[in-house]
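J.: Mind looking over this structure? Questions follow.
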Amino acid sequence: MSEHEYVPKSKAGKWFNDRLPLLSLASHLTDYPTPKNLNYWWTFGGILTFCLLTQIITGIVLAMHYVAHADLAFASVEHIMRDVNYGWLIRYIHSNGASMFFLAVYIHIFRSLFYGSYKSPREIIWIIGLMIYLLMMAAAFMGYVLPWGQMSFWGATVITNLFSAIPLVGDSITTWLWGAYSVDNPTLTRFFSLHYLIPFLILGLVVLHIWALHIPGNNNPVGIDIKKPSKDTVPFHPYITIKDAFALLLFMIIFAGFVFFAPNVLGHSDNYIQANPMVTPAHIVPEWYLLPFYAILRSVPDKLGGVILMFSAIFILFVLPWLDTSKVRSAVFRPIYRQFFWILVVDVLVLGYVGAMPAEGIYLVLARVGTIYYFLHFIVILPVVGYLEKTEPVPLSISEPVLTGSAEYSMAKKDNEKI
Amino acid sequence: MDKSEKKTTTRRDFLFTTSYTVGAVGLGAVIWPLVDQMNPDKAQKALATTEVDISQIEPGKSITVLWRGKPVFLKRRTQEEILEARSVSLDELPHPEKDEERVKSGKDEWLVMLGVCTHLGCVPLSNKGDYKGWFCPCHGSHYDLSGRIRKGPAPKNMEIPKYEFVDANTIKIG
């Protein structure tokens, strides 16, 4: 991995490093050659690490005051809000932090889609990232159940009932998940246990994600392979760390805006009503970051079909590196794919919007069109466009377009070579 | 592969196979308790029956009681409602069941069923929907006066729990 053998300067450092090469690792991380043209879309990896650590730290603190029991959970959350010193702040950071985490992860994923970061040789990074995303959804869902409000309870009921669609063993599986005959105290206690566990699993996967990243190195906006280290790269520290830090600062301003000025705007007011197994709220919606998948679920008039399609919408992303047949990574040089990329962005936003609306009338029609298009994009458009598209000339190195200010230069150069 | 090589089974192969087998059985025996501990415990199973006094329920009215953490609808239907439920042809039903099969004979006015939508488990609202029975607000399933699914994503009729009439005024559920 390391391009040059690192030798600590001090004798003690050398003694330690010979026995556990932590200093070599630190040296690898600071010197790590990074493409010099990374734009601000590449700062979300650092932002996501910040989000994960924020959730872990605030979560550990909240667990000191929260009581995981069906009779006490709701009151203990109010106790955190009213009695615990700065409890309101810590809880609002944690609850809004989940939303911020998903906001950042969606930007990170779409960055990857635009610049083709999921393509060879980075498939494993992409797949580990999707596993992190799945664990994030599990952690967020279980965390939303813990306050034991109406949305907690009925969200848990609806999501766990998805498994009852499995033929033959479905009902046994849901009973096993509940530990009761409905969502009840045993469900709450196990969700709390798993909610505490999952962030540490994510942390482990993040290490693998970064490890896998450091084998081929970062993709970059022009999407070409680069030699490292070379005149196309800069050391990670201080060039990237300072850029990441600046982006993180801007991100934290938005984060703080939600925490201090609109802490409940992303939540649902029904969750301030204690869970009642006798009454379902008139309009159940999941948190905003799950809405596109919820829209897909509801667009199918068949229970099993809806569940299968919803899970397929996520699992199809795992085979994305093999569905995209184009050899060119970056959409900057793919004039047709570039347009379909933005249509997909709009499609996912539309699905998110109709997921929050009642499943009837025009919303149902939109949900169905959006669902069909979503799958069409991955199964038909990506493979076909990869074959048919005439891509624009790709520069030979990063320095070319950067030094001349545009990609035009490389084309001109190629034309000259022909003459 | 050489033919003689393929045929030879050594003492070591035997040891490997038996070790793996015993190891797999041992691993399974350890994993099962860890899996089964998540199933409903004895305390949950102990809540298996509920007795309900039905003497106060007027015809056309219904009450909801909690049984095993789930709502149970007890509806005392009027004659017109029973007739309407029975006038439906079975061909029209996604999950064909006669109304007679869903009540105790001689107690036709009493409809006792789990108030749980068979789609994703919400509690349907009574006297709502296109079939005058129940309507689930979550994903729009319509049930008729016999609790049978008529329209929407739910695959099955609302479930009839095991219950019995202890006396004229008491129903024991479970």
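J.: Right, residue A:172: small (Gly, Ala, Ser), part of a helix (DSSP H, G or I) and within 14 Å of chain B (Cβ to nearest Cβ) or not?
T.: So residue A:172 fits the description; yes.
J.: Would you confirm whether or not the range B:62-72 contains a residue that is under 16 Å from residue A:182 (Cα atoms) and part of a loop (DSSP other than H, G, I, E, B)?
T.: Yes.
J.: Just wondering, is there one or more residues in the range A:135-152 that are within 11 Å of chain B (Cβ to nearest Cβ), more than 29 Å from residue A:109 (Cβ to Cβ) and in contact (Cβ under 8 Å) with a residue 40 or more places away in the chain?
T.: So far as the range A:135-152 goes, no, none of its residues is within 11 Å of chain B (Cβ to nearest Cβ), more than 29 Å from residue A:109 (Cβ to Cβ) and in contact (Cβ under 8 Å) with a residue 40 or more places away in the chain.
J.: Additional query: Take the range A:271-288 and flag every residue that is within 14 Å of another protein chain (Cβ to nearest Cβ) and open to solvent by 40 Å² or more (accessible area, probe 1.4 Å).
T.: Of everything in the range A:271-288, those that are within 14 Å of another protein chain (Cβ to nearest Cβ) and open to solvent by 40 Å² or more (accessible area, probe 1.4 Å) turn out to be A:276, A:278, A:279, A:282, A:283.
J.: Considering only residues that are open to solvent by 30 Å² or more (accessible area, probe 1.4 Å) and either within 14 Å of another protein chain (Cβ to nearest Cβ) or not hydrophobic (A, V, I, L, M, F, W, C) (or both), which ones fall in the range A:303-328?
T.: A:304, A:308, A:309, A:312, A:325, A:327
J.: Do we find that residue B:129 is buried (at least 16 other Cβ atoms within 10 Å of the Cβ), at positive phi and modelled with pLDDT under 90 in this structure?
T.: It is true that residue B:129 is buried (at least 16 other Cβ atoms within 10 Å of the Cβ), at positive phi and modelled with pLDDT under 90.
J.: Could I ask something else about it? Which of the residues spanning the range A:72-107 are under 26 Å from residue A:224 (Cβ atoms) and either in contact with a Gly (Cβ under 7 Å, 6 or more places away or on another chain) or part of a loop (DSSP other than H, G, I, E, B) (or both)?
T.: Answer for the range A:72-107, where residues must be under 26 Å from residue A:224 (Cβ atoms) and either in contact with a Gly (Cβ under 7 Å, 6 or more places away or on another chain) or part of a loop (DSSP other than H, G, I, E, B) (or both): there is none.
J.: Same structure, new question: Would you mind finding the one in B:102, B:68, B:76 that is within 16 Å of residue B:144 (Cβ to Cβ) and under 24 Å from the mean Cα position of the chain (by Cα)?
T.: Matching residue, one of B:102, B:68, B:76: B:102.
J.: In addition: Considering only residues that are part of a helix (DSSP H, G or I) and either surrounded by fewer than 18 Cβ atoms within 10 Å (Cβ to Cβ) or not assigned by TED's automatic domain parsing to the domain that holds residue A:300 (or both), which ones fall in the range A:349-363?
T.: A:349, A:353, A:361, A:362 - these are the residues of the range A:349-363 that are part of a helix (DSSP H, G or I) and either surrounded by fewer than 18 Cβ atoms within 10 Å (Cβ to Cβ) or not assigned by TED's automatic domain parsing to the domain that holds residue A:300 (or both).
J.: For the range A:58-70, enumerate the residues that are without any contact (Cβ under 8 Å) to a residue 60 or more places away in the chain and more than 27 Å from the chain's Cα centre (by Cα).
T.: Correct list: A:64, A:65, A:67.
J.: Another question, if that's okay. Would you check if there is a residue in the range B:150-166 being touching a residue at least 24 places away in the same chain (Cβ under 8 Å), buried (at least 18 other Cβ atoms within 10 Å of the Cβ), under 24 Å from residue A:162 (Cβ atoms) and among the aromatic types (Phe, Trp, Tyr)?
T.: Checking the range B:150-166: not a single residue is touching a residue at least 24 places away in the same chain (Cβ under 8 Å), buried (at least 18 other Cβ atoms within 10 Å of the Cβ), under 24 Å from residue A:162 (Cβ atoms) and among the aromatic types (Phe, Trp, Tyr).
J.: Let me ask you something else. Looking at (1) more than 25 Å from residue A:179 (Cβ to Cβ); (2) touching a residue at least 40 places away in the same chain (Cβ under 8 Å); (3) within 14 Å of chain A (Cβ to nearest Cβ), which is the only condition residue B:93 fails?
T.: Unmet condition: (3).
J.: Oh, and also: Answer with yes or no whether residue A:155 is away from chain B (no Cβ under 14 Å) and crowded, with 22+ Cβ neighbours inside 10 Å.
T.: Answer is no for this residue.
J.: If we keep just the residues of the range B:134-149 that are more than 13 Å from chain A (Cβ to nearest Cβ) and in contact (Cβ under 8 Å) with a residue 40 or more places away in the chain, which is farthest from residue B:81 (Cα to Cα)?
T.: B:148
J.: Among the residues of the range B:68-81, how many are open to solvent by less than 80 Å² (accessible area, probe 1.4 Å), without any contact (Cβ under 8 Å) to a residue 40 or more places away in the chain and either more than 12 Å from chain A (Cβ to nearest Cβ) or touching a helix residue (DSSP H, G or I) at 6+ places or on another chain (Cβ under 8 Å) (or both)?
T.: Residues in the range B:68-81 being open to solvent by less than 80 Å² (accessible area, probe 1.4 Å), without any contact (Cβ under 8 Å) to a residue 40 or more places away in the chain and either more than 12 Å from chain A (Cβ to nearest Cβ) or touching a helix residue (DSSP H, G or I) at 6+ places or on another chain (Cβ under 8 Å) (or both): 2 in total.
J.: In addition: Is it true that some residue in the range B:6-24 is in a loop (DSSP other than H, G, I, E, B), surrounded by 12 or more Cβ atoms within 10 Å (Cβ to Cβ), more than 14 Å from chain A (Cβ to nearest Cβ) and at pLDDT below 90?
T.: Checking the range B:6-24: not a single residue is in a loop (DSSP other than H, G, I, E, B), surrounded by 12 or more Cβ atoms within 10 Å (Cβ to Cβ), more than 14 Å from chain A (Cβ to nearest Cβ) and at pLDDT below 90.
J.: Before we move on, is residue B:146 hydroxyl-bearing (Ser, Thr, Tyr) and surrounded by fewer than 19 Cβ atoms within 10 Å (Cβ to Cβ)?
T.: no
J.: Please verify whether the range B:55-64 includes one or more residues that are modelled with pLDDT of 85 or more and closer than 28 Å to residue A:296 by Cα.
T.: no
J.: Another one. Report yes if residue A:300 is open to solvent by 60 Å² or more (accessible area, probe 1.4 Å) and within 14 Å of chain B (Cβ to nearest Cβ), otherwise no.
T.: no
The values are calculated or read from the model by the stated rules, or taken from the named source; none is laboratory data. Every value quoted in this text rests on a predicted model; they were computed, and no experiment measured them. All Cβ positions, glycine included, derive from the backbone under ideal geometry; neighbour counts span all protein chains shown. Accessible surface is based on the protein model in full, side chains and every heavy atom, while ligands, DNA and RNA are left aside. Shrake-Rupley method; radii C 1.70, N 1.55, O 1.52, S 1.80 Å.
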